[in-house]
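The structure appears below as structure tokens.
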Amino acid sequence: MPINSKTKKQVKNKTSDPIRLNHYLAIKNIATRRGADKLIESGVILVNGKVATIGMKVTDQDDVKVLKDTTSDYKYIAYHKPVGIVTVGPNPGERAIPVKDFGEGMFPIGRLDKDSHGLIIITNDGRVTGALLDPKKNHDKEYRITVSKPVTNNLLRGMKEGIRIGAGVNTRRALVRKVDPTTLEIVLTEGKNRQIRRMAMAYGFDVSELVRFRIMNIELGNLKPGQHRSIMGAELETFLKQLGLK
């Protein structure tokens, strides 16, 4: 039988072989494995009418119920990362995003290099990580860059059509709009390491400023560096639906 929950999620994955319950809850988009263990320990997961225990295994033939709406515990934050802040794995002496200020278990999704600024999504919903960063999903992110000299047609064409930025590393086609002689807006559906800077460098351009101002339907808006806002309501509903989490 499919999983039952007040979250009213559709079951898209089939699990015929026995797997650990925390893995089962994760592939059903109920929680991350770590989050699932916490739910099991708190006694809100029932399997065939009995309180579940850590380490037990289940299949889709088991009747799994969640006794509370787990999504009500999730938080989603739009944060304007300033220049100089490291998003992932800061070295000693480097400044990191102050995720603890936003609540327990919060973490940033994806990365934005130290020299860039702009939108980062911070959440405690581990489901978002894979859904947003999966390169097969083609979720779009929009950037504005300022380069060191007037934009050339070669640079525009290369960014639009895709270019080689390393050994065996080629970029996808992108939407590119010239704003003024030294400013471009770029929509990417991938996130290779320092991709835009490497694309510009391939044509002899340095990027003096890079800001990410949109991730899917979530926009940076008027947030100044270091400021944040909650993602909620229709904006959140659209975001989760586009990720396949609703």
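State all residues of segment 133-170 that are part of a loop (DSSP other than H, G, I, E, B) and in contact with a strand residue (DSSP E or B) (Cβ under 8 Å, 6 or more places away or on another chain); if no residue qualifies, say none.
Looking only at segment 133-170, we keep the residues that are part of a loop (DSSP other than H, G, I, E, B), and these are 134-140, 148-152, 162-163, 167-168.
Within segment 133-170, His139, Asp140, Ser148, Val151, Gly162, Ile163 meet the criteria.
I'm checking my understanding of the structure. Among residues of segment 20-38 that are over 21 Å from the mean Cα position of the chain (by Cα) and closer than 16 Å to Asp63 by Cβ, which one is modelled with the lowest pLDDT? Talk me through it step by step, then tell me what you get.
Going residue by residue through segment 20-38, those that are over 21 Å from the mean Cα position of the chain (by Cα) are 20-22, 24, 37-38.
Add one more test, that the residue is closer than 16 Å to Asp63 by Cβ, and what stays is 21, 24.
Working: Leu21: 93, Tyr24: 90.
Of everything passing the filter in segment 20-38, Tyr24 is modelled with the lowest pLDDT.
Kindly indicate the residue of segment 56-83 that is among the aliphatic types (A, V, I, L, M) and surrounded by fewer than 16 Cβ atoms within 10 Å (Cβ to Cβ) and also modelled with the highest pLDDT among those meeting that condition.
Looking only at segment 56-83, we keep the residues that are among the aliphatic types (A, V, I, L, M), and these are 56, 58, 64, 66-67, 77-78, 83.
Those still in the list that are surrounded by fewer than 16 Cβ atoms within 10 Å (Cβ to Cβ) too: 67, 83.
Working: Leu67: 79, Val83: 98.
Among residues in segment 56-83 that are among the aliphatic types (A, V, I, L, M) and surrounded by fewer than 16 Cβ atoms within 10 Å (Cβ to Cβ), the one modelled with the highest pLDDT is Val83.
Of all residues in segment 226-246 being under 23 Å from Lys137 (Cα atoms), not in a helix (DSSP H, G or I) and not charged (D, E, K, R), which is nearest to the chain's Cα centre (by Cα)? Full working, then the answer.
Restricting attention to segment 226-246, the residues satisfying the condition of being under 23 Å from Lys137 (Cα atoms) are 231-232, 234-246.
Pick out the ones that are also not in a helix (DSSP H, G or I) and you get 231-232, 243-246.
From what's left, not charged (D, E, K, R): 231-232, 243-245.
On the way: Ile231: 13, Met232: 16, Leu243: 9, Gly244: 13, Leu245: 13 Å.
Only one residue tops the list, namely Leu243.
Could you check Ala202 against (1) out of contact with any Ser or Thr (no Cβ under 8 Å at 6 or more places or on another chain); (2) within 22 Å of Phe102 (Cα to Cα); (3) touching a residue at least 40 places away in the same chain (Cβ under 8 Å) and say which number it fails?
Of (1) out of contact with any Ser or Thr (no Cβ under 8 Å at 6 or more places or on another chain); (2) within 22 Å of Phe102 (Cα to Cα); (3) touching a residue at least 40 places away in the same chain (Cβ under 8 Å), only one is false for Ala202: (2).
Does at least one position in segment 1-15 carry a residue that is of a type outside the set (Asp, Glu) and modelled with pLDDT of 80 or more? Walk me through how you get there before you give the answer.
Applying the first criterion (of a type outside the set (Asp, Glu)) to segment 1-15 yields 1-15.
This time we only want the ones that are modelled with pLDDT of 80 or more, so: none.
Checked segment 1-15: no residue is of a type outside the set (Asp, Glu) and modelled with pLDDT of 80 or more.
Let me confirm something: among Ile145, Ile121, Ile163, Ile196, which residue is more than 19 Å from Pro82 (Cα to Cα) and either in contact (Cβ under 8 Å) with a residue 40 or more places away in the chain or not assigned by TED's automatic domain parsing to the domain that holds Ala31 (or both)? Can you show your working first?
Numbers: Ile145 fails: more than 19 Å from Pro82 (Cα to Cα); Ile121 fails: more than 19 Å from Pro82 (Cα to Cα); Ile196 fails: more than 19 Å from Pro82 (Cα to Cα).
Matching residue, one of Ile145, Ile121, Ile163, Ile196: Ile163.
The values are calculated or read from the model by the stated rules, or taken from the named source; none is laboratory data. What you are looking at is a predicted structure, and each value in this text was computed from that prediction instead of being measured. FYI the Cβ positions are ideal-geometry reconstructions off the backbone, even for glycines, and counts take in every protein chain you see.
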